[in-house]
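Have a look at the structure below before the remarks.
The values are calculated or read from the model by the stated rules, or taken from the named source; none is laboratory data. Being a predicted model, the structure only gives us computed values, none of them experimental. Heads up, the Cβs are rebuilt from the backbone with ideal geometry, glycines too, and the neighbour counts pull from every protein chain shown.
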Amino acid sequence: MSDSDKTAIADSPTVMHMTVVPSAIGLVASDLPRTLSFYRALGLEIPPDADSAPHVEVSLGGFRLLIDPESTIKSFDPEWTPAPPASPRTALAFECADPADVDATYKALTAAGFDGHLEPWDAFWGQRYATLRDPDGNGVDLFAALPTS
């Protein structure tokens, strides 16, 4: 960031006096029941009647996951279109109890027909890691600390 950018931000009374707190991340589902099934398989508590809801909120211990079907987004933004298929720019990360749990969770979700993108491996940063894709192609990482010797 240049010095002029820093000055512009510092001089902006709206930025200096706003209280902005991250509280949720939103996903748009092309197939809401399938997306909710995926996140249920990861252990999120989502009631069965949510499959037909226009908006779903899942508490993540002080943070929320918001999931809307495409029809909800189009109801207030008629020109909205899904992004073309590509590599995701966002990933949700789920911490597992231990490295074996990463492997077991990955295996269970891929056996249930969900997309396994990267099979579990021991990452150089000291975690057992794997990557799935949810039904809309969003990255979903599984991780656990590797034992230290």
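General observations
- The condition of being farther than 26 Å from Val20 by Cα and exposed (fewer than 12 other Cβ atoms within 10 Å of the Cβ) holds for only one of Ala53, Ala145, Ala112, that being Ala112.
- When we screen Leu92, Leu60 for residues that are surrounded by 15 or more Cβ atoms within 10 Å (Cβ to Cβ) and modelled with pLDDT under 95, the only hit is Leu92.
- One residue alone among Pro54, Pro82 is within 20 Å of Ile25 (Cα to Cα), modelled with pLDDT of 95 or more and assigned to a loop (DSSP other than H, G, I, E, B), and that residue is Pro54.
- Taking the criterion of being free of Cβ contacts under 8 Å to residues at least 24 places away in the same chain and either outside the structural domain of Ile67 (by TED's automatic domain parsing) or not small (Gly, Ala, Ser) (or both), the residues of the stretch 35-57 that qualify are Arg40, Leu44, Glu45, Ile46, Pro47, Pro48, Asp49, Asp51, Pro54, His55.
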